[in-house]
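Asker: A single structure is presented below for examination.
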Amino acid sequence: MLRDASLSRRLLIAAGGFIAVALVIATVLIGFVLHRFVQGQIDQRLDTQIVFLTSMLQVDADGRLSLAGNADGPPFERARRGWYWQVMGPGNTLHSSSLAGADLDAVLTQRRPPPPHDDRTDSRPWPADGIGPDQDHLHYRIKIERVGARDVTIVASAPRAAVLGPLREALVTLGLSLAALGLALVLAIMLQIRLGLRPLERLRRALADVRAGRSERVPERQPREIQPLVQELNGLLAQNAANLERARRHVANLAHGLKTPLATLSIAASDGAAHNPTILQPLIMQMERRIRHHLGRARAAALGGPVRAQTKAAQRLQDLGDALARIHHDKTITFAMEVAANLVVACEQQDFDEMAGNLLDNAFKWARSRVTIRATCGDAMVAFAVEDDGAGLAPAQREQVLRPGERLDEGAPGFGFGLPIASELAELYGGDIALEAASLGGLRVVLRLPGAVQAA
């Protein structure tokens, strides 16, 4: 099928079809123009013969017509070839020698000419077609002239073949010329297609080089029409490289994080303390936390296409706020949310819950009486601002709490991984987290994530 054909074949078929239609239309139009031109030439010759006959006509007192000279010039001297003339008056009729005794009266009675114009000086010959004395097709030019006080009908004829013959020859030549032109156009289209699609072949080779590891990016220097595609491909390659780098970093962090607990566990086992829970249990819990943390980040990094996932933010935030309000019911915290009901983010629901849950959990934990969250959209990103009226953080402390395992208050519950995990997850989706001073007096945490169009 055409829709399954290659681009070059589709373009060639479409161009060939348009060229064929254009050539057929051109042939019809040029043929019509040629017909009118040839017909005009024949009519002009016949009209000249009528004028010549009119100039030589004479009429005597009895009303008989005569010619003042010989009117049988070429081609009217050839007998029975279709080139005839005839002058019909009230007293007699004059014939060309080419009629050889035949008469055109019976032919002309089959198609009477229209009545002449009153102003005979402006009247022109009118055309007619009929069958000649030898049953051949003739083309006539007829004119009524006043000679003396009498009306005289002058007829000149030419064989229809005099029009069709030259026209047929011209059309054959025209057809051959247009066929050669069409072939040349098709060859030009084929060359144009090859030149036009050559950048796609270079793009294919560039992608093959990227896959083989010979290059890291597709060359940016491309035709203007392919430039957006190359930019999207390079963006995808950069995103994949960043995800791979994050996955490698998580694996390295996991190896480094497990190195010390494993060494301590090995020493404890060699000292005969394998059955002492006060020594082994903290080590095991520390290893479990690190494994769960890095495996969760590796899972998010392996998504590779965060824009495919969509999560309605308002309902998830409301559920998290209600749950945290019940958990911290002893503090009587007022939770206010300003998020559009149809707001959708390009993020997995589980990851969104983890990021928003960590931010809201910290806000409820440190707030005195009020926690708010507002969502604003701009530049294809959605910003969620979580504010509390707690003590807040100094600028130096804001950088510290974003590092894994860093805690400002060792007496508070938790392990210090909440904000770093939320920050890493936001980066995986192309967003980020920023800490600022809140208008309520506490901390303002801004989570930026890519927005998504809600599916119908």
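The values are calculated or read from the model by the stated rules, or taken from the named source; none is laboratory data. Note that this is a predicted model, so its numbers are computed, not measured. No Cβ is skipped: glycine too gets one built from the backbone with ideal geometry, and neighbour counts run over all protein chains shown. Remember, those area values only see protein heavy atoms, side chains included, never the ligands or the DNA or RNA. Shrake-Rupley method; radii C 1.70, N 1.55, O 1.52, S 1.80 Å.
Asker: Less than 11 Å Cβ to Cβ from PRO223, Lys/Arg counted +1 and Asp/Glu -1: what total charge do the surrounding residues give?
Answerer: Result for the local shell: +3.
Asker: If you don't mind, another one. With a 10 Å radius around each residue's Cβ, average the other Cβ atoms per peptide and rank 367-377, 26-36, 47-57, highest first.
Answerer: The most tightly packed comes first, giving 367-377, 47-57, 26-36.
Asker: If you don't mind, another one. How long is the gain from GLU232 to LEU195 if the chain were fully straight, where each residue apart is worth 0.36 nm and the alpha carbon distance is subtracted?
Answerer: 11.0 nm
Asker: Want the number for THR54 to ALA340: 0.36 nm per residue separation, take away the alpha-carbon distance, what's left?
Answerer: Result for the pair: 93.2 nm of gain on full extension.
Asker: If you line up the Cα atoms of region 134-193 on their principal axes, what length do they span on each, largest first, in Å?
Answerer: 76, 27, 10
Asker: Under 15 Å from the Cβ of ALA79, count the other residues' Cβ atoms, weight Lys and Arg +1, Asp and Glu -1, and hand me the total.
Answerer: Result for the neighbourhood of ALA79: -2.
Asker: If you find the alpha carbon centre of region 28-52 and of region 180-203, how far apart are they in angstrom?
Answerer: 43
Asker: Could you please put ASP330, ASP151 in sequence from largest to smallest accessible area, using a 1.4 Å probe?
Answerer: My answer, sorted largest first, is ASP330, ASP151.
Asker: Next question. Testing the spin-label approximation: label points 7 Å from Cα along Cα→Cβ at ASP134 and SER439. State their distance in nm.
Answerer: Result for the modelled spin labels: 10.8 nm.
Asker: Quote the relative contact order of region 166-236 in percent (integer), defining contacts as alpha-carbon pairs under 8 Å separated by 6+ residues.
Answerer: Relative CO of region 166-236 lands at 17 percent.
Asker: Residues with beta-carbon under 12 Å from that of LEU200, excluding LEU200: net charge, scoring Lys, Arg +1 and Asp, Glu -1?
Answerer: Surrounding charge for LEU200 is +3.
Asker: A follow-up question, please. If you average 1/r over all unlike Cα pairs in region 1-67 and invert the result, what Kirkwood radius do you get in angstrom?
Answerer: 17.1
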